[in-house]
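What follows is a short report on a single structure.
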Amino acid sequence: MKKTLFVLLVLACSYFSNAQTNNFQNLDKLLETFNSENKAMGTISIAKNGKEIYQKNLGFINLKTKQAPNKFTKYRIGSITKTFTATVILQQIDEGKLNLNTLLKEYFPALPNAHKITIEDLLRHQSGLTNITNDKSIRSWVSKPQTRKQMMKRFIKNGTVFEPKEKSSYSNTNYAILSYIAEEIDRKPFNQILKDRIINHLHLERTEFGTAIQPKNNEANSYYFENNQWNLINFQTHMSAPMGAGAITSTSSDITTFYTNLFTGKLISEKSLREMMTINKGFGLGITKFKFKGLEIYGHDGGIDGFQSFALYIPKKKTAISFTFNGFSMLMMPTVIAVLEAYFENDKSLKSTATIKLKSEDLNKYLGVYSGKSFPAKVTFTKKGNTLFAQATGQPIFKLLATKKDYFIYDAMGIQFDFNLKNNSLELTFAGNKHLLTKE
């Protein structure tokens, strides 16, 4: 009996190992395509149960010296900073120093609607305060050192766009103010608060409040792709401007460590974590949420000075994934989904959709390029064996499922293609909007 059990355990471990290897091979293939087609430069990290199990580095962090990224390369992570800031505020709430209903007037009464806006409103982007990145003069000052007084003067001048709690609208102003509130409570500059409360606690040795980029210190330059080449972005935001809205630099590995510890209750109380993960009008506290094949996924994206990033955590799989790119010529969400598709391809536990079987020759009538006035990209349909694939201009290729006659879906993102072969057209449904595309 013991021998039989041992054999079964060995076989189970072998199966898991092979499946995991296949997943990594799928990821390698996908990411190498991004690299060879000049779609992305940067680092991707995956951690499971708190341990990094996969990392991939693409392209260069300094094209002039041909320096490649590695595990310790630092990137500007933009708005992923907001998850850090929300964590700091929730720690202060756990310590009884404020609460979600605390009014903004307790700290900055001169701000518009300060007598109505709560801490929770700021965290959930429901304050109505105008997004500072919409300031028409931003390019003239955002690369220079900014004081709190200067930023507050702009917040007051820019005013509001709606009443608190009326709706949600993403605003960097909210999180800059939250970092100032954290400074008032802890009586320290925000960079020191981050060190004391998160960075030093988790031993995030390559995470900090950002400074000027130093390539010699294994810090990535950012690039944009144009004229068939990557071009250096010389503009750099001074991090005293975004503060808690986007000032952190970090590594892909450090981000997965932070997200793992956050979502496993190592940084805030169980009550605060529940509040953080509660979505109201599209936002949690410093995070958002989406679904992938039945999995609930929490995270945040980031974009600053050409850098693009994304951090996510999947509670059911105890898995954190981070993307830190210093060169990126795709859309982030389709890229994230493509990576999830590759990583979970062999996971039989995920939600599946009923499909119909087609032969390879059945797919020929769907092949070709389709475009339409209301959709910003052309969509090319190709096949491999008895599977149909779609690819929007400049985006990752994805596999389609046939669910009924002339009807295909990309289940992970809820994209639907309803072909009208008689008219050489199709109806594309994406994000609740329908687009008519015609075959070229």
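The values are calculated or read from the model by the stated rules, or taken from the named source; none is laboratory data. This is a predicted model, so every value here is computed, not measured. Cβ sites come from the backbone with ideal geometry, for glycine too, and all protein chains shown count toward neighbours. These area figures cover heavy atoms from the full protein model, side chains too; ligands, DNA and RNA do not enter into them. Shrake-Rupley method; radii C 1.70, N 1.55, O 1.52, S 1.80 Å.
The table below lists the values:
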quantity	calculated
Phe417 being at pLDDT 95 or above, open to solvent by less than 70 Å² (accessible area, probe 1.4 Å) and of a type outside the set (D, E, K, R)	yes
Residue match in segment 309-321 (condition: in contact with a Pro (Cβ under 8 Å, 6 or more places away or on another chain), of a type outside the set (S, T, N, Q) and crowded, with 23+ Cβ neighbours inside 10 Å)	no
From the options Met333, Met239, Met276, residue that is under 30 Å from Arg139 (Cα atoms) and not in a loop (DSSP other than H, G, I, E, B)	Met333
Any hit, segment 363-381, residues being within 23 Å of the chain's Cα centre (by Cα), among the hydrophobic types (A, V, I, L, M, F, W, C) and surrounded by fewer than 17 Cβ atoms within 10 Å (Cβ to Cβ)	yes
Failed condition for Lys348, given (1) part of a loop (DSSP other than H, G, I, E, B); (2) buried (at least 23 other Cβ atoms within 10 Å of the Cβ)	(2)
Scope segment 276-288; condition under 19 Å from Gly246 (Cα atoms), of a type outside the set (S, T, N, Q) and open to solvent by 10 Å² or more (accessible area, probe 1.4 Å); matching residues	Phe283
Cβ pairs under 6 Å, 6+ apart, first in segment 151-177 and closer than 12 Å to Leu122 by Cβ, second open to solvent by 10 Å² or more (accessible area, probe 1.4 Å) and among the small types (Gly, Ala, Ser)	Ser168/Gly282
From Glu183, Glu163, residue being acidic (Asp, Glu) and more than 27 Å from Gly265 (Cβ to Cβ)	Glu163
Per-region count, segment 353-377, residues assigned to a loop (DSSP other than H, G, I, E, B) and touching a Gly at 6+ places or on another chain (Cβ under 9 Å)	1
Residues of segment 420-435 classified as part of a strand (DSSP E or B), of a type outside the set (S, T, N, Q), modelled with pLDDT of 95 or more and open to solvent by 40 Å² or more (accessible area, probe 1.4 Å), total	1
Qualifying residue in segment 326-349 (condition: over 22 Å from the mean Cα position of the chain (by Cα) and hydroxyl-bearing (Ser, Thr, Tyr))	yes
For Thr438: the one exception among (1) open to solvent by less than 50 Å² (accessible area, probe 1.4 Å); (2) part of a strand (DSSP E or B); (3) hydroxyl-bearing (Ser, Thr, Tyr)	(1)
Any hit, segment 206-223, residues being in contact with a Leu (Cβ under 9 Å, 6 or more places away or on another chain), open to solvent by less than 20 Å² (accessible area, probe 1.4 Å) and over 18 Å from Met41 (Cβ atoms)	yes
Extreme residue, surrounded by the fewest Cβ atoms within 10 Å (Cβ to Cβ), among residues of segment 224-243 that are under 27 Å from Met152 (Cα atoms) and in contact (Cβ under 8 Å) with a residue 40 or more places away in the chain	Phe235
Residue selected from segment 388-409 under the condition part of a strand (DSSP E or B), in contact (Cβ under 8 Å) with a residue 24 or more places away in the chain and of a type outside the set (A, V, I, L, M), by the criterion surrounded by the most Cβ atoms within 10 Å (Cβ to Cβ)	Phe408
Residue in segment 235-258 that is in contact with a His (Cβ under 7 Å, 6 or more places away or on another chain) and among the hydrophobic types (A, V, I, L, M, F, W, C) present	no
Hits in segment 291-319 - residues which are farther than 24 Å from Thr251 by Cβ, in contact (Cβ under 8 Å) with a residue 24 or more places away in the chain and not aliphatic (A, V, I, L, M)	Phe292, Lys293, Gly294
